[in-house]
Amino acid sequence: ELSLSNIGGQITDGSTVTLSWQAIDNQDELVKYEIYKTVDGTSTLLDIINDVSITSYNYTLSEDGASEITFKIIAYDYDGNASYDTVTYNIIPPVQFISFSVNKSTIQLGEKLAFSWSVNGTDDNTVYTIYKRESGSSGWQEYFQVIGEMSKIISVEGFIGEYEFKIEAGKEVEY
């Protein structure tokens, strides 16, 4: 008997899903696994795994325009018996930033900066993380996070020199 550990849900196109499963055969005669995907009614064999000690598989989604993907894992034993399980994900498009801006290029300590951005593919629960780094350095530091909003005004403290900013979407808020 084969059982997938994944529960499905939403997944962003372009991200990687790790399929994990357990397979039990009463006579310990498992011989292989087959992994399929079904998108828009078309099934495709992704891989055949002949080492039955392997019980996970990574897949990077590249399903342009598709709204749903179903994975099917089939376990076969030496007698040709098969057991399978499936998991379905709703594919959501990746976040696309249209713009990201800061209202000033030169400021004094204590002044306020207004950050604003526009995006496609988000909702009121999307987490935005703004990062900062001193110009010329390689390490980005988290500056602040907001949930579902498209702007933030923040008082500048502790900045000496020139800084750059970047934004990412989808990171989880850490409490």
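The values are calculated or read from the model by the stated rules, or taken from the named source; none is laboratory data. Note that the coordinates shown come from a computational prediction; the quantities given were computed from them, not determined experimentally. We place every Cβ from the backbone using ideal geometry, glycine too, and count neighbours over all the protein chains shown. The accessibility values were calculated without ligands, DNA or RNA, using every heavy atom of the protein model including side chains. Shrake-Rupley method; radii C 1.70, N 1.55, O 1.52, S 1.80 Å.
In the stretch 87-126, which residues are under 30 Å from Asn6 (Cα atoms) and of a type in the set (S, T, N, Q)?
Within the stretch 87-126, Thr88, Asn90, Gln96, Asn120, Thr122, Asn125, Thr126 qualify.
Any residue in the stretch 52-69 that is without any contact (Cβ under 8 Å) to a residue 12 or more places away in the chain and either surrounded by 14 or more Cβ atoms within 10 Å (Cβ to Cβ) or closer than 18 Å to Thr12 by Cβ (or both)?
Taking the stretch 52-69 and keeping what is without any contact (Cβ under 8 Å) to a residue 12 or more places away in the chain, we get 53, 65.
Among the residues that remain, those that are also either surrounded by 14 or more Cβ atoms within 10 Å (Cβ to Cβ) or closer than 18 Å to Thr12 by Cβ (or both) are: 65.
Yes, because at least one residue in the stretch 52-69 is without any contact (Cβ under 8 Å) to a residue 12 or more places away in the chain and either surrounded by 14 or more Cβ atoms within 10 Å (Cβ to Cβ) or closer than 18 Å to Thr12 by Cβ (or both).
Please state which one of Lys104, Lys72, Lys37 is in contact with a Ser or Thr (Cβ under 7 Å, 6 or more places away or on another chain), of a type outside the set (A, V, I, L, M, F, W, C) and within 29 Å of Ala169 (Cβ to Cβ).
Going through Lys104, Lys72, Lys37 in turn, just one is in contact with a Ser or Thr (Cβ under 7 Å, 6 or more places away or on another chain), of a type outside the set (A, V, I, L, M, F, W, C) and within 29 Å of Ala169 (Cβ to Cβ): Lys37.
Which condition number in (1) closer than 30 Å to Thr70 by Cα; (2) part of a strand (DSSP E or B) is the one that Asp123 fails?
Answer for Asp123: the failing condition is (2).
Check whether at least one residue in the stretch 117-125 is in contact (Cβ under 8 Å) with a residue 40 or more places away in the chain, open to solvent by 80 Å² or more (accessible area, probe 1.4 Å) and out of contact with any Leu (no Cβ under 9 Å at 6 or more places or on another chain), and report yes or no. Explain how you work it out, then say what you get.
We begin by selecting, within the stretch 117-125, every residue in contact (Cβ under 8 Å) with a residue 40 or more places away in the chain; these are 117, 119, 122.
Those left that are additionally open to solvent by 80 Å² or more (accessible area, probe 1.4 Å): none.
So far as the stretch 117-125 goes, no, none of its residues is in contact (Cβ under 8 Å) with a residue 40 or more places away in the chain, open to solvent by 80 Å² or more (accessible area, probe 1.4 Å) and out of contact with any Leu (no Cβ under 9 Å at 6 or more places or on another chain).
Looking only at residues in the stretch 4-19 that are surrounded by 14 or more Cβ atoms within 10 Å (Cβ to Cβ) and assigned to a strand (DSSP E or B), which one is modelled with the highest pLDDT?
If we take residues in the stretch 4-19 being surrounded by 14 or more Cβ atoms within 10 Å (Cβ to Cβ) and assigned to a strand (DSSP E or B), then Leu19 is modelled with the highest pLDDT.
For Thr86, all conditions in the list (1) part of a strand (DSSP E or B); (2) within 30 Å of Thr42 (Cβ to Cβ); (3) open to solvent by less than 60 Å² (accessible area, probe 1.4 Å); (4) among the hydroxyl-bearing types (Ser, Thr, Tyr) hold save one; what is the number of the exception?
For Thr86, the exception is condition (3).
Checking the structure you have, find out if any residue of the stretch 135-147 is open to solvent by 50 Å² or more (accessible area, probe 1.4 Å) and of a type in the set (A, V, I, L, M).
yes
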